[in-house]
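J.: One structure coming up, written as structure tokens, with questions to follow.
The values are calculated or read from the model by the stated rules, or taken from the named source; none is laboratory data. Remember, it's a predicted structure, so these values are computed and weren't measured experimentally. Note: ideal-geometry Cβ built from the backbone for every residue, glycine included; neighbour counts use all protein chains shown. We work out accessible area using only protein heavy atoms, side chains counted, and drop any ligands, DNA or RNA first. Shrake-Rupley method; radii C 1.70, N 1.55, O 1.52, S 1.80 Å.
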Amino acid sequence: MKQTNIDHSIKADVLIIGGGFAGLWAAVSAKEHVENVVVVDKGPADWGGLGTASGGDFQCVQDTTVEAALDDVVYYYDGLCEQTLIKNILEQSYERFQHYERLGVKFERDENGKLKAIPQRNLQHMKMLLIRPYGIGGPSMRDALVRELNRLGVKRIFRVQITEILKNEAGETAGAVGFHTQSGETFMFEAPSIVLATGNGGWRPSYITMANSTGEGGWLAYKAGADLANNEFMNIWIQPVVFSWEGQTGLLPLGARLVNKDGEDFMKKYYSEKFGSNTDTTYNSRGMAFEARAGRAPFYFDTTTMTEENAKLMEPVRGWAKINYDRLIKEHGLKFFNGKTRWMPQINWHCGGPATNLDYETNVPGLYVTCRGRAFDPGVYMGGWALCTTAVTGYIAGANAAKRTLDKKHKAVNTSMASEYLKEAMAPVGRKGIDTKDLIREAQEIVFPADVCLIKSDAALKKALKRVEYARELETQMTASDPRDLCKYYEAKTMLMRSELFVSSSLMRTETRAGHYREDYPERNNTDWLAWIYVHKGADNQPVFSKVRVPVEEYPIKPYRYYMDNFTFPKK
């Protein structure tokens, strides 16, 4: 297998790394400004990333004001909100919704043509729109975007793992290198502007999240010198124990609830008598952790409290969700909308990613980042928000990357340097060492304990950091058997980087806010911690952390209410 030769050299005006919804939207907008747009993805042809597995529900501002919606987000994020950036997303959300409709995507409307909107997390103005027919939302969005890329003539390259961002002598992006995950053929891309659209990071803990990105875009940006933020936050979802289900963000507002082993709607103890489980998934997971500690596990998702009309609204009618639903009934006798099923907390994704300006450009000139790959959620999530932000931020980043290219002259990539990067990238194949799965398991077990990811404590985080040191030793011994395994090798390295940054940042933030809960610091501390934690790779390859305060004096909304104040969790 070739290790130093460059088998394929490809030039692009804009290179988009990642073929999920954010990357596809970036390609649509970039193509409006430049001719040669290339999308490269490590997955199969036009699979659409994690968006394809989504329900397809979408948030946009359509029956309220941008100002009111922004106020909801600042409240929900406990003040840790980039208000100018979020405002821009909200302002453009309805335009992207209309764009989806023009591409043929259908949404639920009543007999008068009014869109069906479900409020999220007991927020007044943030609502998600239901896609139709229910059960094929993600695939229908993907198909619509792929049809549009075909019409526009956007070039896509699949099964290629990118391993390095190339920069010129001025420190600007110049291209990237990678390899084909089946053949091992090597690729060099020349592009003055690059959009990272590789999604959020994650640790792939079970069946429901196996399609999740491990977030190599953040790893690539970190190696290239970009600042990363929000690493102390992760999103913890709730899932059935023995099967997959999409749609809790609609089910809970429509009457479903969570109960403990005694049949108690336990979140009423921690949230409120009125709202119960109809809240953010990380808060529900935190409640489960405290209930388990008190001996009141296991937990059940109860749909018997839903009206027949609401149950029918959320019943899948096509797609993988319908297949799953039919099998539950026929093979297991389980009627999801007429009973209780066992559910559990589960890590879903890591919120850390590159920080950017309002154009979605990082501190590395020419390197742009979109949606969940770009850090802006502090560990809490609203249904439909991801599909809104993939569309809006992808569209903005793609256009800005293209406009930058128009102002820049193509500079030839240093082929010798690219060849050396490829030689280094392919070196693990065939050498002796430990299997990739050993490091993946170690990276998972660093963050999986409840006192590390959910109800954090100083002692547990320091213990986890010690385990990071051990995992770093394992990393030097890791090998890959073939190009497919080499792809897992880089996923494992990314998982370990994210484990380290999550633990270190969690240890640094000595307060509780949004998705970050310190049992030993259960109060919010605006004086010291209305701030983001940034990290970059130091000269000695060690992470260097800094605090960047939230410039509230420049923002239209001065934080005056906090979502976390609705909860009363036990204090140590």
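J.: Look at the range 373-428 and say how many of its residues are polar (S, T, N, Q) and closer than 15 Å to residue 15 by Cβ.
T.: Looking only at that region, the number is 2.
J.: State whether the residues of the range 505-517 include one that is more than 22 Å from residue 350 (Cα to Cα) and surrounded by 17 or more Cβ atoms within 10 Å (Cβ to Cβ).
T.: no
J.: Name the single residue that is surrounded by the fewest Cβ atoms within 10 Å (Cβ to Cβ) among those in the range 132-171 being part of a loop (DSSP other than H, G, I, E, B), at pLDDT 95 or above and of a type outside the set (Val, Ile, Thr).
T.: Checked the range 132-171; the qualifying residue surrounded by the fewest Cβ atoms within 10 Å (Cβ to Cβ) is 153.
Quick grid of which residues meet (1) under 25 Å from residue 158 (Cβ atoms); (2) open to solvent by less than 10 Å² (accessible area, probe 1.4 Å):
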{"site": "9", "(1), (2)": "yes, no"}
{"site": "29", "(1), (2)": "yes, yes"}
{"site": "62", "(1), (2)": "no, no"}
{"site": "88", "(1), (2)": "no, no"}
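Quick grid of which residues meet (1) without any contact (Cβ under 8 Å) to a residue 40 or more places away in the chain; (2) touching a Gly at 6+ places or on another chain (Cβ under 9 Å):
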| site | (1), (2) |
| --- | --- |
| 112 | yes, no |
| 122 | no, no |
| 136 | no, yes |
| 144 | no, yes |
| 151 | yes, no |
| 188 | no, yes |
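J.: Next question. Given the criterion farther than 25 Å from residue 139 by Cβ and open to solvent by less than 20 Å² (accessible area, probe 1.4 Å), identify the matching residue among 328, 367, 358.
T.: One residue alone meets the criteria, 367.
J.: Filter the strands (runs of 3 or more DSSP E) completely within the range 185-268 down to those with at least 2 residues that are among the aromatic types (Phe, Trp, Tyr).
T.: 186-190
J.: Hey, could you check the range 254-293 for residues that are surrounded by fewer than 24 Cβ atoms within 10 Å (Cβ to Cβ) and of a type in the set (Asp, Glu) and say which is nearest to residue 349 (Cα to Cα)?
T.: Top of the filtered list is 291.
J.: Let me confirm something: among 544, 548, 535, 552, which residue is open to solvent by less than 30 Å² (accessible area, probe 1.4 Å) and of a type outside the set (D, E, K, R)?
T.: The match here is 535.
J.: So how many residues does the range 72-110 have that are over 23 Å from the mean Cα position of the chain (by Cα), in contact (Cβ under 8 Å) with a residue 12 or more places away in the chain and over 21 Å from residue 24 (Cα atoms)?
T.: Qualifying residue count for the region: 1.
J.: Is it true that residue 295 is outside any helix (DSSP H, G or I) and more than 29 Å from the chain's Cα centre (by Cα)?
T.: Yes, satisfied.
J.: Using the structure shown, decide if residue 237 is of a type in the set (A, V, I, L, M, F, W, C), within 24 Å of residue 312 (Cα to Cα), open to solvent by less than 20 Å² (accessible area, probe 1.4 Å) and touching a strand residue (DSSP E or B) at 6+ places or on another chain (Cβ under 8 Å).
T.: The answer is no for residue 237.
J.: Another one. For the range 226-233, indicate whether the set of residues that are within 30 Å of residue 165 (Cα to Cα) and among the aromatic types (Phe, Trp, Tyr) is non-empty.
T.: Looking for residues that are within 30 Å of residue 165 (Cα to Cα) and among the aromatic types (Phe, Trp, Tyr), one finds at least one in the range 226-233, hence yes.
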